[in-house]
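Asks: Pasting a structure below so you can have a look.
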Amino acid sequence: AQSVAQPEDQVNVAEGNPLTVKCTYSVSGNPYLFWYVQYPNRGLQFLLKYITGDNLVKGSYGFEAEFNKSQTSFHLKKPSALVSDSALYFCAVRLTGGGNKLTFGTGTQLKVEL
Amino acid sequence: DAGVIQSPRHEVTEMGQEVTLRCKPISGHNSLFWYRQTMMRGLELLIYFNNNVPIDDSGMPEDRFSAKMPNASFSTLKIQPSEPRDSAVYFCASSSLLGDNQPQHFGDGTRLSIL
């Protein structure tokens, strides 16, 4: 079985400071990992994905994520947070060769304050 | 390009009524997913289709829920009879089956309230 955990329900950060939203995963094979963002009254929007290769993945809106196989983590990062980054963030995992069903985390609410 | 289109955006109906939610996936996508989102249970996968065929419906909560995909450009999720505990935001998502690393693209959901 595959699973993903987002240990923080909420993350608060000041605008201009770096932000990290944590995600750890558990799979029996090689994972594909994804980050999505959800703004109020909207669907989830794809931010970035890790397939293979470089452990640092760059995505939309200046976000990046670092894949760490030994720690089974895929934390989302941004060097300088904006108030407009405030939203709900979801990590998701899919097994390679396991079909296209995603397993989502419970989400982390990011609040960026002035 | 048009994204995933869901209708209606909002639905308010009384307990016991039939509810039909509709989804038009992105053109060319051949995989379609129905999700439900609530504060208590988070985001749950209800059912998904590949090439219009249901692959996994283990998330469908009970027999009151049914989903169909009669063609590549349309899917419905039906609840009959509806109950107050069905109140949630229902999302449809689509993706390409080209490789298994394609992201899912979500519609903006249908907010369903059962009174």
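Computed from the coordinates by the stated procedures, all read-outs in this text should not be read as laboratory data. On a predicted model such as this, the values are computed, not experimentally measured, just so you know. A quick note on method: Cβ atoms are made from the backbone with ideal geometry, for glycine too, and the neighbour counts reach across all protein chains shown.
Asks: Filter the strands (runs of 3 or more DSSP E) completely within the stretch A:62-114 down to those with at least 1 residues that are without any contact (Cβ under 8 Å) to a residue 60 or more places away in the chain and of a type in the set (D, E, K, R).
Replies: The qualifying strands (runs of 3 or more DSSP E) are A:64-68, A:73-78.
Asks: Here's something else I'd like to know. Anything in the stretch B:10-39 that is surrounded by 15 or more Cβ atoms within 10 Å (Cβ to Cβ) and small (Gly, Ala, Ser)? List them, or say none.
Replies: Result: B:Ser31, single match.
Asks: Give the residue, chosen from B:Ser82, B:Ser27, B:Ser73, that is among the hydroxyl-bearing types (Ser, Thr, Tyr) and over 20 Å from B:Leu97 (Cα atoms).
Replies: On the way: B:Ser27 fails: over 20 Å from B:Leu97 (Cα atoms); B:Ser73 fails: over 20 Å from B:Leu97 (Cα atoms).
Residue meeting the stated conditions: B:Ser82.
Asks: Which condition breaks for B:Gly42 when tested against (1) within 13 Å of another protein chain (Cβ to nearest Cβ); (2) surrounded by fewer than 16 Cβ atoms within 10 Å (Cβ to Cβ); (3) touching a residue at least 40 places away in the same chain (Cβ under 8 Å); (4) under 23 Å from A:Pro40 (Cβ atoms)?
Replies: (3)
Asks: Continuing with the same structure: When you look at B:Ser7, is it within 14 Å of B:Leu112 (Cβ to Cβ) and surrounded by fewer than 18 Cβ atoms within 10 Å (Cβ to Cβ), yes or no? Steps first, please.
Replies: Details: within 14 Å of B:Leu112 (Cβ to Cβ): yes; surrounded by fewer than 18 Cβ atoms within 10 Å (Cβ to Cβ): yes.
Spelling it out, B:Ser7 is indeed within 14 Å of B:Leu112 (Cβ to Cβ) and surrounded by fewer than 18 Cβ atoms within 10 Å (Cβ to Cβ).
Asks: Tally the residues that are farther than 29 Å from A:Ser3 by Cα and either part of a loop (DSSP other than H, G, I, E, B) or among the β-branched types (Val, Ile, Thr) (or both), restricting the search to the stretch B:9-50.
Replies: Counting residues in the stretch B:9-50 that are farther than 29 Å from A:Ser3 by Cα and either part of a loop (DSSP other than H, G, I, E, B) or among the β-branched types (Val, Ile, Thr) (or both) gives 12.
Asks: Output yes when any residue across the stretch A:21-37 is touching a residue at least 40 places away in the same chain (Cβ under 8 Å), surrounded by 15 or more Cβ atoms within 10 Å (Cβ to Cβ), over 16 Å from B:Leu43 (Cα atoms) and among the charged types (D, E, K, R), and no when none is.
Replies: yes
Asks: Within the stretch B:64-92, track down each residue that is more than 21 Å from B:Val12 (Cβ to Cβ), out of contact with any Leu (no Cβ under 8 Å at 6 or more places or on another chain) and not polar (S, T, N, Q).
Replies: Across the stretch B:64-92, the qualifying residues are B:Lys68, B:Pro70, B:Ala72, B:Phe74.
Asks: Same structure again: How about the stretch A:37-50: which of its residues are within 14 Å of the chain's Cα centre (by Cα) and at the interface with another protein chain (Cβ under 8 Å from one of its Cβ atoms)?
Replies: Let us first name the residues in the stretch A:37-50 that are within 14 Å of the chain's Cα centre (by Cα), namely A:37-38, A:44-50.
Selection gives A:Leu44, A:Gln45, A:Phe46, A:Lys49.
Asks: List pairs: first in the stretch B:90-115 and under 20 Å from A:Tyr50 (Cβ atoms), second assigned to a loop (DSSP other than H, G, I, E, B) and basic (Lys, Arg), Cβ under 9 Å, 6+ apart or cross-chain?
Replies: B:Phe106/A:Arg42
Asks: Restricting to the stretch B:73-97, and then to whatever is part of a loop (DSSP other than H, G, I, E, B) and under 17 Å from A:Leu33 (Cα atoms), can you tell me which residue is farthest from the other protein chains (Cβ to nearest Cβ)? Break it down stepwise before answering.
Replies: Taking the stretch B:73-97 and keeping what is part of a loop (DSSP other than H, G, I, E, B), we get B:73, B:80-83, B:87, B:96-97.
Restricting the remaining residues to those that are under 17 Å from A:Leu33 (Cα atoms) gives B:96-97.
Details: B:Ser96: 9, B:Leu97: 7 Å.
Restricting to residues being part of a loop (DSSP other than H, G, I, E, B) and under 17 Å from A:Leu33 (Cα atoms), the top hit is B:Ser96.
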